[in-house]
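The values are calculated or read from the model by the stated rules, or taken from the named source; none is laboratory data. None of these values were measured; they are calculated from a predicted model. Reconstructed Cβ throughout: ideal geometry from the backbone, glycine too, with neighbour counts over all protein chains shown. These accessible areas exclude ligands, DNA and RNA; they are computed on the full protein's heavy atoms, side chains included. Shrake-Rupley method; radii C 1.70, N 1.55, O 1.52, S 1.80 Å.
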Amino acid sequence: MLSLPNLSKSTIIYLMFISAMLLVMLATFTLLSKDSVATTDSIGYSIVENEKQTLEIRAVGAGYEPKKIYAKSGIPGTIKFPPTTTFGCQNSVVIPELDASKVLSRTSDTEFEFAAQPAGKTVKGSCAMGMYDFEIVFN
């Protein structure tokens with residue numbers, strides 16, 4: 001038969017508290033992990049409606065998703081970043097080609113407007129530190 005050591009009531013409560021905290025941290029990590037990885041070969045495409053295109057990029061734990069987006073040349077548009085739950089430098093987006101930089105919102109979309117671009121042009125963006133990047137290829 002299993003015998004438990006003689007523990008005080010306060011020690012048992014402390015161990016139960018620590019166990020509960022570990023379970024909460026594990027559950028949080030599991031729920032947030034679906035947004036934590038940016039694949040190196042992820043590709044996206046713009047959506048064109050009413051002579052304007054929309055590109056959606058998400059900030060995730062390991063950068064941006066998708067890493068590359070194909071957009072239509074000759075059509076102006078918007079780059080949309082949905083609300084983010086990340087805490088790294090990817091929350092501060094810089095797009096030098098558009099002379100734009102913004103800190104991503106946690107509660108609403110963050111948008112960058114762009115003019116029509118010529119075919120073959122590539123617009124690159126990154127986090128403020130340059131650690132994570134993405135690119136938009138116009139064709």
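Observations on the structure shown:
- The range 116-131, residues that are assigned to a loop (DSSP other than H, G, I, E, B), open to solvent by 60 Å² or more (accessible area, probe 1.4 Å) and at pLDDT 95 or above: P118, A119, G120
- Of the residues making up the range 88-115, those that are open to solvent by 50 Å² or more (accessible area, probe 1.4 Å), in a loop (DSSP other than H, G, I, E, B) and among the aliphatic types (A, V, I, L, M) number 1.
- Some residue of the range 103-123 being under 15 Å from the mean Cα position of the chain (by Cα) and of a type in the set (A, V, I, L, M, F, W, C): yes
- Top-ranked residue of the range 2-28 - restricted to ones that are of a type outside the set (A, V, I, L, M, F, W, C) and open to solvent by 100 Å² or more (accessible area, probe 1.4 Å), ranked as modelled with the lowest pLDDT: N6
- Against the list (1) touching a Leu at 6+ places or on another chain (Cβ under 7 Å); (2) over 16 Å from K124 (Cβ atoms); (3) not charged (D, E, K, R), the condition A71 fails is (2).
- If you go through the range 29-51 and keep only what is loosely packed, with under 15 Cβ neighbours inside 10 Å, modelled with pLDDT of 80 or more and not in a loop (DSSP other than H, G, I, E, B), you end up with I43, Y45, I47, V48, E49.
- Residue check, I69 assigned to a loop (DSSP other than H, G, I, E, B), of a type in the set (V, I, T), touching a strand residue (DSSP E or B) at 6+ places or on another chain (Cβ under 8 Å) and open to solvent by less than 60 Å² (accessible area, probe 1.4 Å): no
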